[in-house]
Amino acid sequence: MQVMMLILETPEDFAHRRAEGPAAAAYWESWKAYSAAVGDKVVGGKILDGVGTAATIRVRGGERQIQDGPFADSKEALGGYMIFEVETFEEAVELAASCPAAATGAVELRPIVPMMEG
Amino acid sequence: MDDAHRAVEHAARDGYGRLVAWIATRCGDVELAEDAVADALEAALRSWPESGVPRNPEAWLLTAARRKMIDRGRRGQTRRDAAQRLRMEAEEAAEVPFRTSLPDRRAELLFVCAHPSVPRAMRTPLMLQLVLGLDAARIGSAMLVKPATMGQRLVRAKRRIADENLRFEVPEPSALAERLPPVLDAIYAAYGTGWDDEPGGRSTGLAAEAIWLARTLVARLPRAAEALGLYGLMLHCEARRSARRAPGGRFVPLDEQDPAAWDGTLLEEAEKALYLAARERTPGPYQLEATIQSIHADRRRTGKVDGRALHEAYGVLVAKYPTLGAWIGRAASFGRLGRPAEGLALLDRLEADAVQRHQPYWAVRAHLARLQRREDEAQAAYERAMGLTEDPAVRRWLDARRRAGPAQ
């Protein structure tokens, strides 16, 4: 089965991405190490740019509405995702527990619904 | 909180397992026993604030629980003939708790939870719920299982105990050798979930609960050497808990800990348990593991780690009880003797699938490779260990080691 891990990062996590210094280096090292450790179970994934770059669009009654920022207004924001190929959901939970974001923000796991063939 | 509420809380924490155990051993249905105790506690919360805390709260709760069960039986809500059986037992039991405190049947409960018919993965959760009253969310969190899933599994496991009519008993001495290890393993599994907890911090682990379960068991089986061994092992580890963190949350590995920061009272209790275990002359894996911890603890007295003794203890462990953890410990012990190549060779022989995502394997591999001046391999292994680490403090420590490079 495939399980998607939504990676919810804190503003500090996002800040590390563009910063210099030991904390920023540690941030990238931890991600590099994590990606390598779970690499053989990952079938896809991307890093998303910070929430400052987000736009949220709604169409209501034929009228377009666009606003700055992410859909959900919370402290943690979606910073990326990974898709695991695993035997069981529990296996994905194990993989997720050592994700760096699990210790700072949170990670959310959702099974991917298989597409109908044809 | 007023006195009555505090009394209910105290009675619940202290007496929950005793009450559930006493009722369950009589009716054979742990779900029913849990419901009855929950009902009784609820009744206490309603009535004690008005009528005052009874002189013997436990007896009050037992009477209330019994009444609730009989009510449920009348309303036809109980399963099978459990209530009927209980009613018969109730008369006979009636005089018991009013004399003294309730006879302790928690060991019986522990043995049922770790019965061969109960799936291995459910033994620890059952113990935590039935003996300590923990809820599914807490147990699930510690064991990385979704609360709803854990709840369903717990219910299924309890039904199984009732359906298969598993007997609530401490096995005869002749059967103990076979029946005790699963009980110990399940208790130790609970301890394992708490190992990486931050001292005084947001603990999700169950270390204290596990020690408490072991103490319950040892009280009932004071001559079971392996139970004493497990108890001593956990106390040794627990004694070092606060020494594992420096101010600011920095991780401090065992060899760098200040022995003065270890808890002397716990160490003493651990050594006493090991002494009592040794007197029985029936060695086993938990006693050996505890002995290894005891060798580390000796640094408090001697100022250094006896690497030779550690190496030999791990040698016995892998010869008799070759688990993955034992092999990794044995490999690491070669490093202490200045023979990292032999340790690495040993690691090479372990099954690749088993170690691929096993954090201690990669941490030890990194350490030995560095000692052997195979720095590229050390770097890769440190990185792998980091990627498998849940605790950010340990991850930072591994990263610092990795960057530090080989000793000059």
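Taking B:V155 as the residue in question, decide whether it is surrounded by fewer than 19 Cβ atoms within 10 Å (Cβ to Cβ), of a type outside the set (D, E) and in contact (Cβ under 8 Å) with a residue 60 or more places away in the chain. So B:V155 passes the test. Considering only region B:259-279, I want to know if a residue exists there that is in contact with an Asp or Glu (Cβ under 8 Å, 6 or more places away or on another chain) and farther than 19 Å from B:W212 by Cα. No: region B:259-279 contains no residue that is in contact with an Asp or Glu (Cβ under 8 Å, 6 or more places away or on another chain) and farther than 19 Å from B:W212 by Cα.
Inspection of region B:376-396 finds a residue satisfying the criterion of being closer than 25 Å to A:A101 by Cα, touching a strand residue (DSSP E or B) at 6+ places or on another chain (Cβ under 6 Å) and modelled with pLDDT under 95.
If you go through region B:138-149 and keep only what is at pLDDT 90 or above and surrounded by fewer than 16 Cβ atoms within 10 Å (Cβ to Cβ), you end up with B:P147, B:A148, B:T149.
Residue pairs whose Cβ atoms lie under 8 Å apart, separated by 6 or more positions or on different chains, with the first residue in region B:311-327 and under 13 Å from B:G284 (Cβ atoms) and modelled with pLDDT under 95 and the second among the polar types (S, T, N, Q) and surrounded by fewer than 17 Cβ atoms within 10 Å (Cβ to Cβ), do not occur.
Every test in (1) touching a residue at least 60 places away in the same chain (Cβ under 8 Å); (2) surrounded by 17 or more Cβ atoms within 10 Å (Cβ to Cβ); (3) farther than 23 Å from B:Y361 by Cα; (4) under 14 Å from the mean Cα position of the chain (by Cα) is passed by A:V51 save one, and that test is (1). The helices (runs of 4 or more DSSP H) located wholly in region B:278-397 that include 1 or more residues which are within 14 Å of chain A (Cβ to nearest Cβ) and of a type in the set (F, W, Y) occupy B:359-371, B:375-387. Is at least one residue of region A:22-40 surrounded by fewer than 17 Cβ atoms within 10 Å (Cβ to Cβ), among the aliphatic types (A, V, I, L, M) and out of contact with any helix residue (DSSP H, G or I) (no Cβ under 9 Å at 6 or more places or on another chain)? There is no residue in region A:22-40 that is surrounded by fewer than 17 Cβ atoms within 10 Å (Cβ to Cβ), among the aliphatic types (A, V, I, L, M) and out of contact with any helix residue (DSSP H, G or I) (no Cβ under 9 Å at 6 or more places or on another chain). Residues in region B:161-196 that are part of a helix (DSSP H, G or I) and farther than 28 Å from B:T323 by Cβ: B:I161, B:A162, B:D163.
In this structure, is B:A177 of a type outside the set (V, I, T), closer than 30 Å to B:R105 by Cβ and either modelled with pLDDT under 95 or touching a Pro at 6+ places or on another chain (Cβ under 9 Å) (or both)? Spelling it out, B:A177 is indeed of a type outside the set (V, I, T), closer than 30 Å to B:R105 by Cβ and either modelled with pLDDT under 95 or touching a Pro at 6+ places or on another chain (Cβ under 9 Å) (or both). Out of (1) of a type in the set (S, T, Y); (2) under 31 Å from the mean Cα position of the chain (by Cα); (3) at pLDDT below 85, the odd one out for B:Y16 is which? Going through the list (1) of a type in the set (S, T, Y); (2) under 31 Å from the mean Cα position of the chain (by Cα); (3) at pLDDT below 85, B:Y16 breaks only (3). The C-beta contact set for region B:89-118 (first residue modelled with pLDDT of 60 or more, second residue of a type in the set (D, E) and exposed (fewer than 13 other Cβ atoms within 10 Å of the Cβ), distance under 7 angstrom, 6+ apart or interchain) comprises B:S117/B:E164. I'd like to check something: does region A:30-52 contain any residue that is of a type in the set (A, V, I, L, M) and more than 27 Å from B:Q379 (Cα to Cα)? Yes, region A:30-52 contains at least one residue that is of a type in the set (A, V, I, L, M) and more than 27 Å from B:Q379 (Cα to Cα).
Is there a residue being touching a Ser or Thr at 6+ places or on another chain (Cβ under 6 Å), farther than 21 Å from B:R395 by Cα and modelled with pLDDT under 95 anywhere in region A:52-67? For region A:52-67, residues touching a Ser or Thr at 6+ places or on another chain (Cβ under 6 Å), farther than 21 Å from B:R395 by Cα and modelled with pLDDT under 95: present.
The values are calculated or read from the model by the stated rules, or taken from the named source; none is laboratory data. What you are looking at is a predicted structure, and each value in this text was computed from that prediction instead of being measured. Virtual Cβ from ideal backbone geometry, glycine too; neighbours counted across all protein chains shown.
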